[in-house]
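Below you'll find the structure, written out as structure tokens, and then a few comments.
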Amino acid sequence: MLTCFARAFFMLCLGFVASTAVAADKRGCSDHPLFPTRMPDYFLADCKMTAFEKFDFFVLKGPKHTETGKFFSLTYNINDRKNEQSGLAIVRNYENAITKIGGTIVASDPQRWVNGKLMVDGKEIWVQVEKGNGAIWLKIIEKASMQQHIVADAASIGSDLKATGHVAVYGIYFDTGKSVVKPESKPALEEVAKLLKADAMLKLWVVGHTDSVGKVEDNMQLAQARAEAVVAELASAHGISAARLKGYGVGPLSPVAGNETDAGRGKNRRVELVKQP
């Protein structure tokens, strides 16, 4: 995830001392690239990575804060209890590490836990560190929308167009803030192309939609660029005449769900096809 330069920079920023003569890490476990060193005399007792998961981050008050994306869970145990670090020392170390690499502290209990947020290569990452009894629990979410593996086929897309005049196609992917169509979009685009090839008279407006995060003006431009990118991809990779397609961007102006949750924002980030008269 990180370049060699970034990894070296992060290692310099972390105020931890590499541990020696400790119990062996659990087989298959390794430190997360954001935190390549650890508190002294701690070893990795357990680890877990899930491609898409949700996690409830601690808050000081109010409703729980939930994020979704690629999930990492690391458990560090102390090798010798006489070397166990205090909660304050652990929290302060991670607070310093997070802020020195450009992150912000969202909430903390100085003796028990800290939550932070940072951006790495355009990706939003949430971190929670908790002091346990002889343990440190590190939870990380790399925010992302769930990949839609089930793609509507040409027949269902055509049926929705006939019934309502428009259809959302959720299998078209872009990186956050970018307008380059990702390779994972191929199955969905193939179905759209199949529909267009089956009906030579069909013309479509390709409409880009975004969530409401960020400035409206930026989202309008991004939506337009994404719509045009889909048109270009259908023309260049799938043999559809560009004259049958026109891209427009409406940004966050036509949501289908609330923007207060990841699930809602994910539904709003979409490409819709609208049948031209």
Among the residues of segment 259-277, how many are modelled with pLDDT of 90 or more and either among the hydroxyl-bearing types (Ser, Thr, Tyr) or exposed (fewer than 13 other Cβ atoms within 10 Å of the Cβ) (or both)? 2
Mind checking whether some residue in segment 96-119 is within 30 Å of Leu204 (Cα to Cα) and either hydroxyl-bearing (Ser, Thr, Tyr) or surrounded by fewer than 17 Cβ atoms within 10 Å (Cβ to Cβ) (or both)? no
Can you find a residue in segment 153-172 that is modelled with pLDDT under 90, within 17 Å of the chain's Cα centre (by Cα) and assigned by TED's automatic domain parsing to the domain that holds Gln221? yes
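Among residues belonging to segment 197-229 that are in a loop (DSSP other than H, G, I, E, B) and among the basic types (Lys, Arg), point out the one that is modelled with the highest pLDDT.
Applying the filter and picking the extreme gives Lys203.
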Result of the Cβ filter at 6 Å on segment 29-46, keeping first residues that are more than 12 Å from Ile136 (Cα to Cα) and partners that are not aromatic (Phe, Trp, Tyr), at least 6 apart or interchain, is Cys29/Leu44; Cys29/Cys47; His32/Ile140; Pro33/Met1; Pro33/Leu2; Pro36/Met11; Thr37/Leu14; Thr37/Ala18
Within the set of pairs 6+ apart or on separate chains, which have a first residue in segment 49-67 that is closer than 22 Å to Ala144 by Cβ, a second that is surrounded by fewer than 13 Cβ atoms within 10 Å (Cβ to Cβ) and of a type in the set (Asp, Glu), and C-beta atoms under 6 Å apart? Lys64/Asp56; Thr66/Asp56
How about segment 94-143: which of its residues are charged (D, E, K, R), out of contact with any Gly (no Cβ under 6 Å at 6 or more places or on another chain) and not in a strand (DSSP E or B)? Glu95, Lys100, Asp121
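The values are calculated or read from the model by the stated rules, or taken from the named source; none is laboratory data. Computed from a prediction, not measured in an experiment: that's the story for all the values here. A quick note on method: Cβ atoms are made from the backbone with ideal geometry, for glycine too, and the neighbour counts reach across all protein chains shown.
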